[in-house]
1. Let's see if you can work this out: charge +1 on each Lys and Arg Cβ, -1 on each Asp and Glu Cβ, no other charges. What is the dipole magnitude of segment 1-102 about its Cα centre, in debye to the nearest 20?
2. With 10 angstrom as the radius, rank Val130, Val145 by how many other C-beta atoms surround their C-beta, starting from the fewest.
3. Most fluctuating residue of Asn62, Asn13, Asn23 in a GNM of the chain with Cα springs under 10 Å: which is it?
4. Per the helix-only calculation at 222 nm, which mean residue ellipticity applies to the chain, given -39500 (n - 2.57) for every DSSP H run of n ≥ 4 and division by its residues, nearest 500 deg cm²/dmol?
5. Could you list Thr176, Thr69, Thr32 so that the one with the fewest beta carbons within 10 Å of its beta carbon is first and the one with the most is last?
6. Using the scaling law 2.2 N^0.38 Å as the reference, what is the normalised Cα Rg of segment 119-164?
Amino acid sequence: GIIPPGRNLSSKNIRPGDMVIVNGVLGNHGATILAARGELALSTNLISDCASLGHLMDAVLNTGCDIRTARDLTRGGLASALNEIAQDADLGIEIDEQSLPLNPEVSGICEILGLDPLYLANEGRLVIFVAKDQAPTVLEAMRSVKVGQGSCIIGKVVSQHPSIVTMKTLLGGSRTVDMLTGNQLPRIC
């Protein structure tokens, strides 16, 4: 896509309190590719999330809201994109595991293979950062576009733990979401 003149979507624009929004279920593309390779004998009804994000970004930018930054979630998935943004801005990002839109089949494949769905590739997903008071307007605009119907808030920007992404777990704890280095390797224990 093309960023209109006068728009600055640098990751350095994020501020504490900004909301973190994704446009739908995460990891479908990566899980679909893993299953389709045939080496694993996995049967699934998953389909890739490949989609153009142009109309979605047009809808978001046309709200007139102060979109701080946006990033597609391709190689390295959500976790890598969030880490890059946190490091560029020297701010922390907190996400909530309960808020993450994950297809149960993706979660199941990841559980079987010992992978983390936060690192799976996506081909039709992005993350957007916007001021908290403008998030409802941005969500409405995103949900008005087919590829954005599953949009939801998954976290926020914080001043604590600069350059680090953390996740509130389903058990109420917190864990660091590191940058992916190399290829994701399965857990063996």
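Readers should treat all values here as calculations from the given coordinates under stated rules, not as data from a laboratory. What you are looking at is a predicted structure, and each value in this text was computed from that prediction instead of being measured. Methodologically, a virtual Cβ is constructed for each residue, glycine included, from the backbone with ideal geometry; neighbour enumeration extends over all protein chains shown.
1. On the way: 7 positive and 12 negative charges, 52 e Å.
The dipole magnitude comes to about 240 debye.
2. So the ranking, lowest neighbour count to highest, is Val145, Val130.
3. In this elastic network of the chain, the residue with the biggest mean-square fluctuation among Asn62, Asn13, Asn23 is Asn62.
4. Taking each H run of at least 4 residues, the total per residue is -7500 deg cm²/dmol.
5. Details: Thr176 10, Thr69 20, Thr32 23.
Fewest-to-most ranking of Thr176, Thr69, Thr32: Thr176, Thr69, Thr32.
6. 1.34
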